[in-house]
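Below: the structure, in structure tokens.
Just so it is clear, none of the values below were taken in a lab; they were calculated from the coordinates. Model, not experiment: these values are computed from the prediction. Here the Cβ is made from the backbone with ideal geometry for all residues, glycine too, and neighbour counts use every protein chain on show.
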Amino acid sequence: MAHADKPLEDVLPVLYLAIPNAKYSKKLGALSYMYQQHLITIFANGRIGMTYVKDRSEADQLVEEVRRLINRAIIYLKTHGKPSLEMIQAKKELTPVKIYELLPKTNCKMCREQSCFTFAAKLLNGEKTLQDCPPLESKEYSVCKFQIERMMSPIKLK
């Protein structure tokens, strides 16, 4: 467990829109996402929890990663303001079907999945990345790849 020096309520929607596999509940005041093998949960009150941390050194490194991420979200918030409810709702409504519609639909198994639909589901929950689909790297599908990236992560934190 770690604790930020101030509440993070306004930062959570920004992080939700920036982290592709994040789950966010305004009602619970919490955002969770997978980072490597760790489940990271950031609470509106500033608490930060992490799972499967092997030692103090790894904990310090993870806390530093989260701190940098939060700081980038704060900068985004100050320069762009709060994200619109429409952006948040669009991400909440993102489904494997919507992603599948933009995939090559070849079921080539180059991603090591049985079908493009299975890949879409695993992409949405963070088990796969866009780079795991070699056909998306081709020029033919570059627009589709860009659209999927924007749907999953509409905000880019620099």
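Here are a few things to note about the model shown:
- Kirkwood Rh in Å, taken over all unlike Cα pairs in the chain: 16.7 Å
- Net charge in the neighbourhood of Leu157 (other residues with Cβ under 10 Å of its Cβ; Lys, Arg +1, Asp, Glu -1) is +4.
- Take the Kirkwood radius over Cα pairs of region 2-87, plug it into Stokes-Einstein at 37 °C and 0.692 mPa s, and you get 250 µm²/s for translational diffusion.
- The Cα atoms of region 81-158 cover 42, 23, 19 Å along the three principal axes, with the biggest extent listed first.
- Base-10 log of normalised Debye intensity for region 38-87 (one unit scatterer per alpha-carbon) at q = 0.13 Å⁻¹: -0.40
- Cross-link pairs exceeding 18 Å between alpha carbons, from the set Lys105/Lys139; Lys26/Lys145; Lys6/Lys78; Lys91/Lys156: Lys26/Lys145.
- Centre separation in Å (Cα based) which lies between region 141-158 and region 2-68: 22 Å
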